[in-house]
Amino acid sequence: MSRTILRNAVLFDGRGNAGVPGEVLIEDGRIAAVGRLDHAGEAETIDCMGQAVTPGFIDLHSHSDLQVLDGRREKSAQGVTTEVVGNCGFSPYPCGQHAADLREFANGIFCGGAEWRFEGARDYLESVDRQSDQVGVFSLVGHGSLRVALFGNRQGALEARELDLLEGTLDDALAAGACGFSTGLMYAPGSSAPFDELERLCRVVARRDKLYATHMRSYSFGLIESIDEQLELARRTGCRLQISHLQTVGPKNWDRQRTALDRIERAREEGIDVEFDIYPYQAGSTVLTQFFPQRLLDGGTPAMLARLRHRDERRRLCEEAVSQMAQRWSDVFIVSVESEANQEVVGLNLEEIGRRRAVDPVEAAADLLIEEAGAVNIVSFNQSEDNLRQLLTHPLCSVISDGFYVKGRPHPRLYGTFPFLMGTVVRERQWMSLPEAVHKVTAKPAARLGAGNLGSLTVGARADLTIFDPAAVAGPATYEAPEQNPVGITATYRAGRRVAR
Ligand SMILES: [Zn+2]
C-alpha cells in the first residue's frame, strides 16, 4: 500500500470555505484522511509549509480532445487534473462514413492531422483511459461533429428520418459514457440548425441527466436573443444548461452585459438550472472563418475557395462580414497559418496586414483564407476589463481555459489560465478571494458535471490535488510569448501520483 502525507499545508476544500491549516493523507490513489493527523503512521512525507493544498483543478471547457491522448503537460503544469473536452460542437467522434469531412470540420480547433479516427464515444474514451496519463477526461458529444459525421458538411434543416438518426446517435454516445452534449451555433453546420432540432437533442440530454454546454449563436449584436433561445431550450426540455465562455463582444455591445445577466438570474429564480463560464482574459481565440457568414463553409473547403474566388459572391460575403463586425479589425490578430510564405503575418492584426498589402482589412482576411485553404487561427480582443470582472466574480461563473493548440502562437490561456487566476486575478487585482477562485475551478465545475466528490477534499475521493504557493503563483504567458511555464505551482497529483513538478 502506498501512503503519502502532505504536511503543514493550508487546506482549501473547494467549496469556497476559508483555508485551514492541516494535513492530507493519500492512500492508494485516494484521499484517506484530511485535517490534523498526528498519528498517521508510516508514510512518505511532503512538507507543504506556506503552500495551499486544493482539490485538483477542473478545466470545464477545453479543446485538448486530441492532445490529452499525447500526454501533453500544459494543463497538469497549471494544476489541472481534469479536462472537459468536446466543447463548442466539436468532438472527435462519431466518425462513420464522413471521417475526412469530420477532420476538415474540426482540425482548426483540434490542431489535428490526417490520421485520427474514433468510431464513437466508447472508442474515444477507451483511448483516453489507455493514453491520458496527465489528466482525467470528460467528453461532451459535439453537435457539429454529429451532423458532419452523419451527413457530411451540409447546412440547413434535416429531414425527419435524419433527425431520428441524429437523436439516436446522440443517445448512444451519452449511454456509452459521454458526459453531455455541446453546440457551436456560430460554426457551420451547427449554425444552420433550427430550434426544433436543438430541442429534440436537449430532450435526450435531459432524459440522461447530462450537461448541455452551448457556444451560442451570437455574443455580440445578437447576445440577448441567443441567451433567450438557450434558456427556452432548458425551460422546455429541463436540461442542465451551461452557457460557454459568456461575454459581450465588441465595444458597441459592452453595455448589453447587465441585461444578459438579468436574463440568466431571472431564469434561475424560475427554476432553470443554468450557469456559465469564462476564461480570465479579455481576448478570445478562434478560426478566421468566424468573421464571415457561415454559408461560406457550406460544402467544405473546395466550395469555400470557389466562393471567395467568385467576384460577386466574395463582395457580398465581405460586405456582410463588415456589417457583422463588432470589434475593430485592429483587435483581430493572426496567430497561426499553414504556409511558410505567410508566417510573417503571425502576430499582426488585420488592419496592419491590410495596410501592408494595400487592401481593406476584410479583403486581406478573404485573401488569407484562400492562400491558407481556410486554415487560419486568430486571437481577438473582445471584452472590456469591467465586464470581464463582472463575469468572473459572478456566483454562477466557473473559470475555464477554453485553451486550444495551434501551430504558431496560441492564446496564453492554454499555458496560464489557472496560475493567472490565482496570481493576477486574486492576489494582484484582488477581484475575488482565494477560496472563491479555488471553488470556481473545483467543486463548482464538478457539480455541473454531476461528478460526485470530484473537486473536493473529501475522504474517499480520488486524490487529485494541487499544491501551490499563493504568494508566488503566476501565469506569465503573454499574447506575444504564450509558451511560458507557470510559476508557483509546486505539484499536481493525479489519483495520488505526482504528475507535475
Ligand atoms: Zn466556443
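Residue by residue, here is whether (1) touching a His at 6+ places or on another chain (Cβ under 6 Å); (2) over 30 Å from V332 (Cβ atoms); (3) surrounded by fewer than 20 Cβ atoms within 10 Å (Cβ to Cβ); (4) of a type in the set (G, A, S) holds:
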site: R147; (1), (2), (3), (4): no, no, no, no
site: L170; (1), (2), (3), (4): no, yes, no, no
site: A175; (1), (2), (3), (4): no, yes, yes, yes
site: G180; (1), (2), (3), (4): no, yes, no, yes
site: V204; (1), (2), (3), (4): no, yes, no, no
site: R236; (1), (2), (3), (4): no, yes, yes, no
site: C239; (1), (2), (3), (4): no, yes, no, no
site: T248; (1), (2), (3), (4): no, no, no, no
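Can you pull out the residues in the stretch 220-231 that are more than 14 Å from the ligand (Cβ to nearest atom) and under 24 Å from T169 (Cβ atoms)?
E229
Tell me yes or no: at least one residue of the stretch 89-110 is under 21 Å from the mean Cα position of the chain (by Cα), buried (at least 24 other Cβ atoms within 10 Å of the Cβ) and on the phi > 0 side of the Ramachandran plot.
yes
Condition check ((1) at pLDDT below 95; (2) in contact with a strand residue (DSSP E or B) (Cβ under 7 Å, 6 or more places away or on another chain)) across all residues:
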site	(1), (2)
L288	no, yes
G300	yes, no
R309	no, no
E319	no, no
V332	no, yes
A341	no, no
V345	no, yes
R355	no, no
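Would you point out the residue of the stretch 281-295, among those that are surrounded by fewer than 21 Cβ atoms within 10 Å (Cβ to Cβ) and in a loop (DSSP other than H, G, I, E, B), that is nearest to the ligand (Cβ to nearest atom)?
Q282
Just give me the residues in the stretch 424-436 being assigned to a helix (DSSP H, G or I) and touching a helix residue (DSSP H, G or I) at 6+ places or on another chain (Cβ under 6 Å), in sequence order. Spell out the reasoning first.
Initially, the stretch 424-436 is screened for residues assigned to a helix (DSSP H, G or I), giving 424-428, 434-436.
Residues satisfying the conditions are V426, L434.
Does the stretch 86-106 hold any residues that are within 16 Å of the ligand (Cβ to nearest atom), farther than 15 Å from T169 by Cβ and in a helix (DSSP H, G or I), and which are they?
Within the stretch 86-106, N87, C88, F105, A106 qualify.
Just to be sure I understand, how many residues within the stretch 181-219 are on the phi > 0 side of the Ramachandran plot and within 16 Å of the ligand (Cβ to nearest atom)?
Quick first cut of the stretch 181-219, residues on the phi > 0 side of the Ramachandran plot only: 209.
Right, trim to within 16 Å of the ligand (Cβ to nearest atom) and you get none.
Result for the stretch 181-219: 0.
Out of (1) surrounded by fewer than 24 Cβ atoms within 10 Å (Cβ to Cβ); (2) within 18 Å of the chain's Cα centre (by Cα); (3) at pLDDT below 95, what's the single condition that is false for L396?
(3)
If we scan the stretch 409-417, do we find a residue that is under 17 Å from the mean Cα position of the chain (by Cα) and among the charged types (D, E, K, R)? Write out each step before concluding.
First, pick out the residues of the stretch 409-417 that are under 17 Å from the mean Cα position of the chain (by Cα): 410-417.
Checking the rest, the ones that are also among the charged types (D, E, K, R) come to 413.
Checking the stretch 409-417: at least one residue is under 17 Å from the mean Cα position of the chain (by Cα) and among the charged types (D, E, K, R).
Quick one: is V406 assigned to a helix (DSSP H, G or I) and either surrounded by fewer than 24 Cβ atoms within 10 Å (Cβ to Cβ) or in contact with a Ser or Thr (Cβ under 7 Å, 6 or more places away or on another chain) (or both)?
Numbers: assigned to a helix (DSSP H, G or I): no; either surrounded by fewer than 24 Cβ atoms within 10 Å (Cβ to Cβ) or in contact with a Ser or Thr (Cβ under 7 Å, 6 or more places away or on another chain) (or both): yes.
In short, no.
Taking interchain pairs and intrachain pairs at least six residues apart, which have beta carbon atoms under 8 angstrom, with the first residue in the stretch 161-173 and among the aliphatic types (A, V, I, L, M) and the second outside any helix (DSSP H, G or I)?
Short answer, once both residue conditions are applied: L166/L158; L170/V141; L170/F181; A173/Y93; A173/P94; A173/G120; A173/V141.
If F381 satisfies every condition in (1) surrounded by fewer than 24 Cβ atoms within 10 Å (Cβ to Cβ); (2) out of contact with any Pro (no Cβ under 6 Å at 6 or more places or on another chain); (3) farther than 16 Å from H245 by Cα but one, which is the exception?
(3)
For (1) among the aliphatic types (A, V, I, L, M); (2) within 16 Å of the ligand (Cβ to nearest atom); (3) assigned to a loop (DSSP other than H, G, I, E, B), each residue gets a yes or a no:
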| position | (1), (2), (3) |
| --- | --- |
| P21 | no, no, no |
| I26 | yes, no, no |
| I31 | yes, no, no |
| V34 | yes, no, no |
| T45 | no, no, no |
| H61 | no, yes, yes |
| R73 | no, no, yes |
| G108 | no, yes, no |
| D129 | no, no, no |
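Consider the stretch 233-269. How many of its residues are away from the ligand (no atom under 16 Å from the Cβ) and at positive phi?
2
Does P419 satisfy the criteria of being under 30 Å from V441 (Cα atoms), free of Cβ contacts under 8 Å to residues at least 12 places away in the same chain and out of contact with any Asp or Glu (no Cβ under 8 Å at 6 or more places or on another chain)? Break it down into steps so the answer makes sense when it comes.
Working: under 30 Å from V441 (Cα atoms): yes; free of Cβ contacts under 8 Å to residues at least 12 places away in the same chain: no; out of contact with any Asp or Glu (no Cβ under 8 Å at 6 or more places or on another chain): yes.
The answer is no for P419.
From the list L414, L457, L421, which residue is buried (at least 17 other Cβ atoms within 10 Å of the Cβ) and in a loop (DSSP other than H, G, I, E, B)? Break it down into steps so the answer makes sense when it comes.
Numbers: L414 fails: in a loop (DSSP other than H, G, I, E, B); L421 fails: in a loop (DSSP other than H, G, I, E, B).
The unique qualifying residue is L457.
Looking at (1) part of a helix (DSSP H, G or I); (2) over 22 Å from F404 (Cα atoms), which one does A326 not meet, given that it meets all the others?
With (1) part of a helix (DSSP H, G or I); (2) over 22 Å from F404 (Cα atoms) applied to A326, the lone miss is (1).
The values are calculated or read from the model by the stated rules, or taken from the named source; none is laboratory data. All of these numbers come straight from a predicted model, not from anything done at the bench. Note that each Cβ is placed from the backbone with ideal geometry, even for glycine, and that neighbours are counted across all protein chains shown.
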